[in-house]
Amino acid sequence: MNVFRSSDPVALLREDLRDFVGYRSARIDTVQGEVWLNANEACTASFIDPSGALHRYPSPQPERLVDALARLYGCDSTQVLVSRGSDESIDLLVRAFCTPGRDAVVVTPPVFGMYAVSARLHGARVVEAPLFDDGDDYRVDLDAVGHAAIALGAKVVFLCSPGNPAGGVIPRDGVTALARLLDARALVVIDEAYVEFADAPWLTRDVATLRNLVVLRTLSKAHALAGARIGCAIADPGVVAALRRCQAPYPIPAISAAVAIDALSPAALAATASRITETKLARERLRESLRMLPGIRRVYPSQANFFLVRFDDADSAWRRLCGAGVIVRDMRAMPALHDALRITVGAPHDNIRMLDALRGTVP
């Protein structure tokens with residue numbers, strides 16, 4: 001039996017960054033001491049910080065948080081890079097692996113816009129392999145993705161599963177096959193921001209054998225910590241080390257790290273599991289309610305906590321919702337979505353108000 005052995009993904013790093021050591025902050029070295037005079041911090045706490053917890057710089061990668069995330073995602077702590085939400089991880093991946101003016105990234109529109117934004121900000125070409133509508137759902141053409149990546153020399157391929165805004169899941173076997181195809185050519189980055197809401201396996205454990213696979217996770221969605229801005233990239237340890245060299249010195253505020261550690265306690269994780277179950281049940285009820293409304297042509301199946309909805313008159317629906325104080329995501333500027341809005345599954349009273357707004361029954 002042949003066992004697939006992937007190549008060292010650090011070889012894909014920008015040539016000019018291969019010897020780059022980055023900025024070595026005052027907290028980067030694991031030195032121990034009692035009197036800290038190396039970072040030019042204030043020597044006493046702020047008036048508004050009676051605990052005294054904030055006058056020192058935080059750890060660049062808080063060890064307790066890294067370990068807790070590794071346990072949650074079933075990987076080794078050396079495979080975890082904590083970042084300011086998933087957005088920072090996306091930006092770091094393009095920054096570290098794409099040479100401006102030469103390299104490219106592949107995206108699958110309609111999809112989360114930050115992949116293309118980061119690419120353009122760093123001077124990388126954006127190659128599109130659009131989703132296709134098979135009459136039931138939006139799906140990723142992985143063959144087209146692989147062909148585009150090889151033909152146009154992409155260094156990073158971004159996939160989103162469940163997809164945003166379409167809500168569909170990419171089969172695990174398809175992602176792993178793509179990673180094998182692009183071994184030594186490109187990183188395959190799968191954004192699993194919404195995977196807790198899906199009936200699908202996580203790909204975090206596949207990183208150990210597929211070294212060019214990177215999985216993005218976040219505590220913003222299922223864990224209800226969007227304001228804390230805690231995400232992570234799970235990748236080969238060499239990739240993690242390279243991204244750390246490109247990261248800002250103190251990316252994780254101490255307060256956010258402390259909140260995230262508490263959120264990963266057994267009691268908090270049990271509460272999160274309960275909230276996920278409630279959201280999935282509410283999702284199914286909401287889909288049926290939306291499908292029954294006049295003026296709605298299509299509600300795409302979703303394994304996330306939102307729906308992509310097509311309207312006969314999306315402009316009128318948008319005005320009714322805004323007039324009722326209900327804000328959804330306007331998708332009409334995205335390719336092929338001129339008649340679509342994205343609606344998050346809200347609390348029961350929020351869903352009722354949204355449905356009433358679409359019916360035109362909100363006072």
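The values are calculated or read from the model by the stated rules, or taken from the named source; none is laboratory data. Since this is a predicted model, take the numbers as computed values, not measurements. For neighbour counting, all protein chains shown are included, and Cβ atoms are generated from backbone atoms with ideal geometry for every residue, glycine included.
If A324 meets every condition in (1) under 24 Å from D137 (Cβ atoms); (2) among the hydrophobic types (A, V, I, L, M, F, W, C); (3) surrounded by 15 or more Cβ atoms within 10 Å (Cβ to Cβ) apart from one, which number is that one?
Status for A324: all satisfied but (1).
So which of V107, V80, V21 ends up being among the aliphatic types (A, V, I, L, M) and either surrounded by fewer than 16 Cβ atoms within 10 Å (Cβ to Cβ) or in contact with a Lys or Arg (Cβ under 6 Å, 6 or more places away or on another chain) (or both)?
Just a single option satisfies the conditions, and that option is V21.
Any residue at all in region 157-166 that's without any contact (Cβ under 8 Å) to a residue 24 or more places away in the chain and either surrounded by fewer than 16 Cβ atoms within 10 Å (Cβ to Cβ) or within 22 Å of the chain's Cα centre (by Cα) (or both)?
Looking through region 157-166, none of the residues is without any contact (Cβ under 8 Å) to a residue 24 or more places away in the chain and either surrounded by fewer than 16 Cβ atoms within 10 Å (Cβ to Cβ) or within 22 Å of the chain's Cα centre (by Cα) (or both).
Taking the condition assigned by TED's automatic domain parsing to the domain that holds V82 and in a loop (DSSP other than H, G, I, E, B), does P301 pass?
The answer is no for P301.
Within region 101-142, track down each residue that is out of contact with any strand residue (DSSP E or B) (no Cβ under 7 Å at 6 or more places or on another chain) and under 22 Å from A241 (Cβ atoms).
S118, H122
Which numbered condition in (1) touching a residue at least 24 places away in the same chain (Cβ under 8 Å); (2) at negative phi is the only one that G74 fails?
Tallying (1) touching a residue at least 24 places away in the same chain (Cβ under 8 Å); (2) at negative phi, G74 fails exactly one: (2).
One line per residue, one yes/no per condition, for (1) surrounded by 16 or more Cβ atoms within 10 Å (Cβ to Cβ); (2) β-branched (V, I, T):
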position	(1), (2)
A193	yes, no
L216	yes, no
S220	yes, no
R275	no, no
T279	yes, yes
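Take residues that are charged (D, E, K, R) and within 23 Å of the chain's Cα centre (by Cα) and tell me which of the helices (runs of 4 or more DSSP H) falling wholly in region 27-133 contain 2 or more.
Qualifying helices (runs of 4 or more DSSP H): 63-73, 85-97.
Evaluate the following for A226: is it of a type outside the set (F, W, Y) and more than 21 Å from the chain's Cα centre (by Cα)?
no
Given (1) crowded, with 16+ Cβ neighbours inside 10 Å; (2) without any contact (Cβ under 8 Å) to a residue 24 or more places away in the chain; (3) of a type outside the set (G, A, S), identify the lone condition not met by D339.
It is condition (2) that D339 fails.
Of the conditions (1) among the aliphatic types (A, V, I, L, M); (2) under 19 Å from the mean Cα position of the chain (by Cα); (3) within 16 Å of V215 (Cα to Cα), L182 satisfies every one except a single condition; which number is it?
(2)
For G101, are the conditions met, namely being on the phi > 0 side of the Ramachandran plot and at pLDDT 95 or above?
yes
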